[in-house]
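Let me begin by presenting the structure, written as structure tokens, before commenting on it.
The values are calculated or read from the model by the stated rules, or taken from the named source; none is laboratory data. This is a predicted model, so every value here is computed, not measured. Neighbour counts run over all protein chains shown; Cβ positions are idealised from the backbone, glycine included.
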Amino acid sequence: MVKILEQGAWLVDGRHIVEEGPGAERKAAELAGRPVSRDEARKGTIAWSILESHNTSGSMERLKIQFDALTSHDITYVSIIQTARASGLERFPLPYVLTNCHNSLCAVGGTINEDDHLFGLSAARKYGGIYVPAHMAVIHMYMREAMAGCGKMILGSDSHTRYGALGTLAVGEGGGELVKQLLGQTYDIAYPRVVGVYLTGKPCPGVGPQDVALAVIGAVFSRGYVKNSVMEFVGDGVSNLSADYRCGVDVMTTETACLSSIWRTDGNVKDFLAAHGRPDDYRELNPGKTAWYDCMIMVDLSAVKPMIALPFHPSNAMEIERFNENPGDILREVELSAAEILGNTKARFSLTGKLEKGRLRVDQGIIAGCSGGTYTNVMAAASLLKGKSTGSGEFSLSVYPSSQPVLLELVKNGTITELMTAGAVVRTAFCGPCFGAGDVPASGSLSIRHTTRNFPNREGSKPGEGQIASVALMDARSIAATAANGGLLTPATDLDPAEERWEYRFDDTPYRNRVYSGFGSPVPDTPLVFGPNIADWPEMPPLPEHLLLKVVSFITDPVTTTDELIPSGETASFRSNPLGLAEFTLSRKDPSYVGKAKEVRAFTKALADGKAPGEIAPELEEVFSALEAVPEFGAILGKSVSLASAVYARKPGDGSAREQAASCQRVLGGGANIAEEYATKRYRSNLINWGMIPFVLDGEPPFSAGSWIFVPGVRQAMERGETVFPAYAAGKGSCEKITLETGVLTEDERAVILAGSLINFNRKKTS
């Protein structure tokens, strides 16, 4: 089904694959009928051509990208606009789409949805933006329907910003990167690896895009084959997929940890864009005569079977058929994994109790969002449920079409009638089930979802309060089959589904009547509408001469998601209040973090006020005494040592692009993170844009939670462009020299860290 050529491969004429190895270049030259070289063949990828056309640096090795459009939703756009305002924003220089698909009730206090939405509408008027009201569309569906086009680049503040199936190389990053674009700055990155995904064959009836995606994610994620790379989909199998189907595969590439994606385009894409009234946005994209890929993933679509990704990661994927052969042992493994993830909480997690005569019974089915709620997915689910019933027991099925135009067409053709008649609840466009704000399962429940993620607690659980549920990812087709079987796990292929032959239709009347389209026509005198809980960013200090860090959270999990760093769900109601949201930092992973970070922040103020360490806290006197053995320390004590908190995690930053995972640490006094490696580029960039140093430590740390790390001369070293920082770990009366590294930082990245944040950096530039 999935074969990986780890050492790379040549692609000749778009159809001949030559695996790297002895004689590979010669064989590629024979197929091409001319001499070839790897350097030239790198330029033959679709990715190269698009990146080159958007690069302003003059060097393809160090890219400085300017995008064609930006997009954000209501969890992120308030903070982005507030940051840009503080940095001197006057108008949106490129189309900026503000969607409202993450609206979440103010269940725990915070901002009322419409306060944020009125702020967004007023900002769109003032600066010349595009505003998509709540329930009108999920962010990525609107961008597919209205903005994506062949050869474009789009930057979004959501990690699933992926429109490669429509020929757009799109990137999901933290808000700081969008701020840079709004201020005329660039997205700076080394030229990425390009990984080919060669598709052959045609999916069997009942096999959907989520099945294909999970098969690929399961094969590549844990080995890091595509981390921070561009995935380029080629091969004759591409043309066997509708554009809508391709989008369903494409959006899930985020879960491989890749940077972006791009697909070859054909008549299916041409027809899709024409249906949306944008025929001029189409052009054919194909790799050149000869193209080189740093890795090649070969996927036989005809061999893909219905899949399930078990809790708690999309890469925990296997065939439903295989799962059903031995569910007990497999679920016991999941339970053991859960015990490690949950740690010492009140929650008790069990799945084996859901087995009935060797079959798994699930509690809930959800088809929603940018991955599940598309036209063809909902059509497929409805066809499998026609004439059937979801039952009147505990199992429930909810369907969220991804936009009002999609819903409108489904109403016109009777699909909604079929779903509702079967017992499904049909809702409007909303990302809630994907981030924990909609259809939160009961404690102990297992939900099967055609959404993007199944991370721990992402569905809304609160393990600290004894409530834990879980999510398994599946395709809409198998979710419908399971619903038709009363909740017993069933692959769609068991229902003998017919081949999918639905004509795609699109009516943009809802958008024309409700979407505010103000790009190019700002109204500067428009006042921004501030609700009572929309707050400005607090002041953040510049990088000090010498830095003393306390490790206030020490996480040893193999991977730490951004959802664990700042939980999603109901906490989103504080999205426009930096200090209010910060109170939830690591609340489900390390509930003591906030208090400990605040304590360090209080120590810092006390030192600045002239108090001696012993007057502040015995702990501080102890660590200062331990550090007196360090020559650099004695000379600077009481002069320019600044305290800050730090988080240690082995591999933090998988998952969401939300910069709050970093900004919340910063407003609580964070100065750095220390890691073995960072899971994604976007999280590392978020740390930098909020003025924190992304330190890397090789090997096992000689410190633990509560230890202090002294980094002498950190500011001068950063100014000199150093990437290696001698440091000292102090704790329990001892002091050990260690080496911290940052990896390569651009000149602007160093300047942002020195300034203390992107806001400070831009203020300094304009002052």
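Whether a residue is touching a helix residue (DSSP H, G or I) at 6+ places or on another chain (Cβ under 9 Å), part of a loop (DSSP other than H, G, I, E, B) and charged (D, E, K, R) was assessed, and residue 658 passes this test.
Residues that are assigned to a loop (DSSP other than H, G, I, E, B), closer than 30 Å to residue 677 by Cβ and not small (Gly, Ala, Ser) within segment 192-244 comprise 192, 193, 225, 226, 227, 228, listed in sequence order.
On inspection, residue 709 qualifies as in a strand (DSSP E or B) and either touching a residue at least 60 places away in the same chain (Cβ under 8 Å) or under 27 Å from residue 663 (Cβ atoms) (or both). Taking the residues in segment 445-478 that are of a type in the set (Gly, Ala, Ser) and either under 26 Å from residue 205 (Cα atoms) or in contact with a helix residue (DSSP H, G or I) (Cβ under 8 Å, 6 or more places away or on another chain) (or both) as candidates, determine which candidate is modelled with the lowest pLDDT. The selected residue is 460. When we screen 604, 585 for residues that are within 29 Å of residue 641 (Cβ to Cβ), assigned by TED's automatic domain parsing to the domain that holds residue 712 and either charged (D, E, K, R) or within 23 Å of the chain's Cα centre (by Cα) (or both), the only hit is 585. From the list 529, 515, the one residue that fits, being out of contact with any Asp or Glu (no Cβ under 7 Å at 6 or more places or on another chain) and closer than 22 Å to residue 401 by Cβ, is 515. With respect to residue 666, is the statement that it is of a type in the set (Lys, Arg), within 30 Å of residue 254 (Cβ to Cβ), touching a strand residue (DSSP E or B) at 6+ places or on another chain (Cβ under 7 Å) and surrounded by 24 or more Cβ atoms within 10 Å (Cβ to Cβ) true? Considered against the rule, which asks whether it is of a type in the set (Lys, Arg), within 30 Å of residue 254 (Cβ to Cβ), touching a strand residue (DSSP E or B) at 6+ places or on another chain (Cβ under 7 Å) and surrounded by 24 or more Cβ atoms within 10 Å (Cβ to Cβ), residue 666 comes out as no.
Only one entry in 590, 563 is touching a Phe, Trp or Tyr at 6+ places or on another chain (Cβ under 8 Å), touching a residue at least 12 places away in the same chain (Cβ under 8 Å), outside any strand (DSSP E or B) and under 30 Å from residue 101 (Cα atoms), namely 563. Just so you know, in segment 191-216 the residues that are within 13 Å of residue 4 (Cβ to Cβ) and under 20 Å from the mean Cα position of the chain (by Cα) include one that is surrounded by the most Cβ atoms within 10 Å (Cβ to Cβ), and it is 195. Do we have residue 165 as outside the structural domain of residue 239 (by TED's automatic domain parsing) and touching a helix residue (DSSP H, G or I) at 6+ places or on another chain (Cβ under 6 Å) here? Judged against the criteria, residue 165 is a match.
If you check residue 365 against the conditions, is it touching a residue at least 12 places away in the same chain (Cβ under 8 Å), touching a Ser or Thr at 6+ places or on another chain (Cβ under 7 Å), under 30 Å from residue 558 (Cα atoms) and of a type outside the set (Val, Ile, Thr)? The answer is yes for residue 365. If only residues of segment 597-614 that are surrounded by fewer than 19 Cβ atoms within 10 Å (Cβ to Cβ) and farther than 19 Å from residue 541 by Cα are counted, the one that is modelled with the highest pLDDT is 611. For segment 12-31, state whether one or more residues are crowded, with 23+ Cβ neighbours inside 10 Å and under 28 Å from the mean Cα position of the chain (by Cα). Within segment 12-31, not a single residue is crowded, with 23+ Cβ neighbours inside 10 Å and under 28 Å from the mean Cα position of the chain (by Cα).
The requirement of being closer than 12 Å to residue 479 by Cβ and among the β-branched types (Val, Ile, Thr) is fulfilled somewhere in segment 386-397, by at least one residue.
Scanning segment 733-765 for residues that are surrounded by fewer than 18 Cβ atoms within 10 Å (Cβ to Cβ) and in a helix (DSSP H, G or I) yields 747, 748, 751, 754, 763, 764, 765. Residues that are in a helix (DSSP H, G or I) and aromatic (Phe, Trp, Tyr) do not occur anywhere in segment 303-316.
If the condition is being part of a loop (DSSP other than H, G, I, E, B) and surrounded by fewer than 21 Cβ atoms within 10 Å (Cβ to Cβ), then segment 410-437 contributes 413, 414, 423, 427, 428. Here segment 585-596 is the region considered, the condition is being surrounded by 14 or more Cβ atoms within 10 Å (Cβ to Cβ) and in contact with a helix residue (DSSP H, G or I) (Cβ under 8 Å, 6 or more places away or on another chain), and the residue that is nearest to residue 710 (Cα to Cα) is 594. Give the residues of segment 479-527 that are within 25 Å of residue 397 (Cβ to Cβ), outside any helix (DSSP H, G or I), within 32 Å of the chain's Cα centre (by Cα) and not basic (Lys, Arg), sorted by residue number. Residues satisfying the conditions are 487, 488, 489, 490, 491, 500, 502, 504. Among the residues making up segment 680-698, a single one is surrounded by fewer than 24 Cβ atoms within 10 Å (Cβ to Cβ) and modelled with pLDDT under 90: 681. On inspection, residue 301 fails the criterion of being hydrophobic (A, V, I, L, M, F, W, C), over 30 Å from residue 496 (Cα atoms), in contact (Cβ under 8 Å) with a residue 24 or more places away in the chain and touching a helix residue (DSSP H, G or I) at 6+ places or on another chain (Cβ under 7 Å). Annotation note: of 369, 343, the sole residue that is at pLDDT below 95, of a type outside the set (A, V, I, L, M, F, W, C), under 23 Å from the mean Cα position of the chain (by Cα) and not assigned by TED's automatic domain parsing to the domain that holds residue 243 is 369.
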